[in-house]
Every structure is written in C-alpha cells, then in structure tokens.
1. Any chance you could count how many residues in the stretch 1-10 are open to solvent by 60 Å² or more (accessible area, probe 1.4 Å) and more than 14 Å from Val61 (Cβ to Cβ)?
2. Within the stretch 64-118, restricting attention to residues that are hydrophobic (A, V, I, L, M, F, W, C) and open to solvent by 60 Å² or more (accessible area, probe 1.4 Å), which residue is nearest to Val22 (Cα to Cα)?
3. Right, Val54: more than 18 Å from Ala87 (Cα to Cα), surrounded by fewer than 16 Cβ atoms within 10 Å (Cβ to Cβ) and among the β-branched types (Val, Ile, Thr) or not?
4. Return the residues of the stretch 1-47 that are assigned to a loop (DSSP other than H, G, I, E, B), within 16 Å of ligand 2 (Cβ to nearest atom) and in contact with a helix residue (DSSP H, G or I) (Cβ under 7 Å, 6 or more places away or on another chain); say none if nothing qualifies.
5. If you scan the stretch 1-39, which residues turn out to be away from ligand 1 (no atom under 13 Å from the Cβ) and among the hydrophobic types (A, V, I, L, M, F, W, C)?
Amino acid sequence: MAKKDDCIFCKLANHVIETDYVYEDDLVCAFKDANPQAPVHVLVVPKDHYDNIVDDVPADVLAAMVHAVGEVARACGIDESGFRVIANTGEAAGQTVMHLHMHVLGGTRLGEESMGSE
Ligand code: 5GP
Ligand code: ZN
C-alpha cells in the first residue's frame with residue numbers, strides 16, 4: 001500500500017488524522033472539504049497515494065472512487081436533485097493537493113463556470 005509521509009490526504013484517508021467522514025470502504029474514503037464551495041462539498045480520496053487521475057491508477061481504485069461518488073450523493077441527499085463531480089488535474093486546472101481526489105458538489109443550483117455555487 002503506497003502512502004506518502006508528507007501528504008495530508010494520505011493521513012486523512014488512512015485515519016492518521018481524523019476528519020468528518022461521509023463514506024469509507026477498503027479502497028477509498030470520502031470526507032467533507034475543509035473550505036466548502038457549496039452546501040454539500042465532499043472529497044472522494046483513495047487510501048493509496050496517486051498524484052492525480054493520470055498517475056497509473058488501478059482500475060479497481062477508479063471504480064471504487066466512482067462507486068463512492070454515488071454513495072456520497074445518497075448519504076448527502078443530492079442523488080435526486082443533482083450534483084457535480086470534478087477532478088482537478090495538474091497545475092493548469094488548479095490542483096492544490098497532489099493526491100488524487102474527486103470533488104462532489106451539490107445542495108444548490110451550481111453555476112456553469114465555477115466549481116461550486118455562484
Ligand atoms: P484541489 O484544488 O486540489 O482540487 O482541491 C483541494 C481541496 O482540498 C480544496 O477544496 C481544499 O479546501 C481541500 N483541503 C485542503 N486541505 C484539506 C484538509 O486538511 N482537510 C480537508 N477536509 N480538506 C482539505
Ligand atoms: Zn497522498
């Protein structure tokens with residue numbers, strides 16, 4: 001299991017540091033974003049470290065992340081109303097935490113351009 005000692009999401013996803021979890025299974029964790037951009041803003045994070053979605057991520061990890069998105073949407077009550085899934089990838093996209101994650105945003109009408117609400 002590949003972890004990085006200096007990576008905050010490795011620590012949060014593996015309970016080295018505890019946070020506000022919404023969903024968890026063997027491969028992934030989902031927890032609330034510390035700086036929410038919408039009423040529901042949850043991060044889906046693999047327990048192993050990958051820099052981003054093009055970092056040779058195994059298919060079972062990618063499948064677990066997409067499955068977790070659905071679990072988060074149901075748990076947060078946004079599966080019927082609709083929500084947005086974003087994976088900022090690399091510098092040009094503004095990725096700030098270099099551990100693969102998907103944002104799940106919802107609970108309001110989302111603007112077309114912004115990540116969260118407008
Ligand atoms: P990025 O810009 O890399 O796609 O998104 C990183 C996200 O991680 C940001 O929305 C930021 O608020 C969130 N974040 C950064 N550090 C922490 C943390 O320590 N705890 C939690 N829960 N979220 C964090
Ligand atoms: Zn990491």
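1. Selection size over the stretch 1-10: 4.
2. Filtering the stretch 64-118 down to residues hydrophobic (A, V, I, L, M, F, W, C) leaves 64-66, 68-69, 72-73, 75-76, 78, 83, 85-87, 92-93, 97-98, 100, 102, 104-105, 110, 115.
If we keep only those that are open to solvent by 60 Å² or more (accessible area, probe 1.4 Å) as well, we get 66, 75, 83, 85, 92, 98.
On the way: Val66: 15, Ala75: 7, Phe83: 16, Val85: 16, Ala92: 29, Met98: 21 Å.
Restricting to residues being hydrophobic (A, V, I, L, M, F, W, C) and open to solvent by 60 Å² or more (accessible area, probe 1.4 Å), the top hit is Ala75.
3. Details: more than 18 Å from Ala87 (Cα to Cα): no; surrounded by fewer than 16 Cβ atoms within 10 Å (Cβ to Cβ): yes; among the β-branched types (Val, Ile, Thr): yes.
No; evaluated as a whole, the condition is false for this residue.
4. The answer is Lys3, Lys4, Ile17, Thr19, Leu27, Lys47.
5. The answer is Met1, Ala2, Leu27, Val28.
The values are calculated or read from the model by the stated rules, or taken from the named source; none is laboratory data. Just so it is clear, the model here is predicted, and its values are computed rather than measured. Glycine gets a Cβ as well: all are built from the backbone with ideal geometry, and neighbour counts include every protein chain shown. The area values use the complete protein model at the heavy-atom level, side chains included, leaving out ligands, DNA and RNA. Shrake-Rupley method; radii C 1.70, N 1.55, O 1.52, S 1.80 Å.
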